[in-house]
Amino acid sequence: MVGRFIVIVIVLAFIFGCSQSFIFTKDKVDCLISQWSEWSQINEFGEHSKQRVILRYPDNGGMPCPTDTEFNEIAPKVDCVMSQWSEWSGIYGLGERSKERVIITHPDNGGKPCPTDTEITEYTTTKPMVHETANQVITSFLQRNLKTDPAPPRGTVQSKIGLFRDLLIIIDSSGSIGSRNFEIAKKQLGELLSLICPLPDPFDSKVHNGNNRAALIQFSDVVIKEFDFDDKHNISDLKSAIMSVPYQNGGTCTGDAFYKAIQMFTSYNKGIRQNTKHEVLILTDGESNCGKDISTLLPTLHANAAVFGLMIGSYSDSGKAELTSYVTKPKPKHLFAVDNFQELETLLNLIRKQIDETNPCAPFDLSKK
Ligand SMILES: *[C@@H]1O[C@H](CO)[C@@H](O)[C@H](O)[C@H]1NC(C)=O
């Protein structure tokens, strides 16, 4: 009897003990800590630091928190590293040649800064032949931004795709050009635009919800915006709008045109798009002689668009330097020049001959637009 009672007590005690530990034992909670922050600014002692914070404290014997929640060190200096100078380019533009070097490592933590001269330009006494300039216009302006098409359309030879552009045309209508030559310039400009990829109509706004866009400003004593990026809807529309630009016959206030150009790229109501190439093509025949200071405007213009120049005429050394400064680096890919307006016609004839069925412009990545 007593023995039986003891057995029952032991069994009950066992059950009670088990249920105790079952009910009252909690899960372990590990410490939870954030990622390290970014490095701080460098302080006056040349140190920087990073922190991490405890998000949850441990419980029930879970993994404890690390004690290092801040890390300081002397910030390692990284000096700028430049490449070697390239070879001289071929003769281009107004008869110049250039060589360039590029930044390989950007400086950090107060390391040695990069030199600002990344391109050296030298003026020679020779000029490129018109057919050489035609080739440069084709490869650097008309057929650019090409990358290999991962899925070329069946039956096509070309396997390159490109980006659409929002192109601002700046046309000089100053007195030195003359009204007859101004008509030639406008006509040849229209011809050039009609050869931009993709053909047959690079400015057809109906296709693929995209395509290229062009806006135009002209300048002489005053700057006149003729049309915005979303005003013209096809190449014939665009060409006739260019042909009806009136001739001003005044000074050459190029800086004022650049000032207006910056506004065209930074205002939201001019039809400019994101995810397109923002470009400028300036046609001019001479140095600026009025208006705003050019050198202070160019960095802002270059930050907003790639600037191409089609220069017509011959220039003094200071004129060459000024016109060369308008265009984006690398200069050999952005600066084209002819001696006069007859040569401009020759240039376009040579370009047109090369862009035909045997050498079409590269197809664009239409599906992504
Ligand atoms: C070009 O656009 C204009 C105006 O938007 C239109 O009247 C004309 O029919 C268009 N031409 C072609 C060939 O699409």
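Coordinate-derived values only; no laboratory data. Note that the coordinates shown come from a computational prediction; the quantities given were computed from them, not determined experimentally. Positions of Cβ are generated from backbone atoms using ideal geometry, with glycine treated the same way; all protein chains shown enter the neighbour counts.
FRET efficiency for the Glu38 to Ala303 pair, using the beta carbon distance and R₀ = 35 Å, is estimated at 0.85. Give, as ranges by residue number, the residues of region 303-324 whose backbone N falls under 19 Å from the point 7 Å along Cα→Cβ of Asn340. Residues 311-316 qualify, since their backbone N sits under 19 Å from the label point.
Seen from Lys329, the other residues with C-beta closer than 10 Å to its C-beta sum to a net charge of 0, counting Lys and Arg as +1 and Asp and Glu as -1. Across region 126-136, coupling constants 3J(HN,Hα) worked out from phi with the 6.51/-1.76/1.60 Karplus curve, θ = phi - 60°, read 9, 10, x, 5, 4, 5, 5, 5, 4, 4, 5 Hz, and Gly and Pro carry x. Among the GluC sites (Glu not before Pro) found in region 68-97, those both in a DSSP coil and sparsely packed, with 16 or fewer other Cβ atoms within 10 Å of their Cβ, are Glu87. Averaging Cα coordinates gives a centre for region 226-247 and one for region 340-355; these two points are 21 Å apart. Listed cross-link partners Lys270/Lys353; Lys270/Lys292; Lys270/Lys331; Lys206/Lys292 are compared with a 31 Å cut-off, the Cα-Cα value being larger for Lys270/Lys353; Lys206/Lys292.
The gain in end-to-end length when the Lys26 to Ala321 segment is fully stretched comes to 98.3 nm, 0.36 nm per residue minus the alpha carbon separation. Ranked by how many other Cβ atoms sit within 10 Å of their own Cβ, fewest first, the residues Glu343, Glu122 fall in the order Glu122, Glu343.
Between Asp108 and Arg180, the contour length at 0.36 nm per residue exceeds the alpha carbon distance by 20.3 nm.
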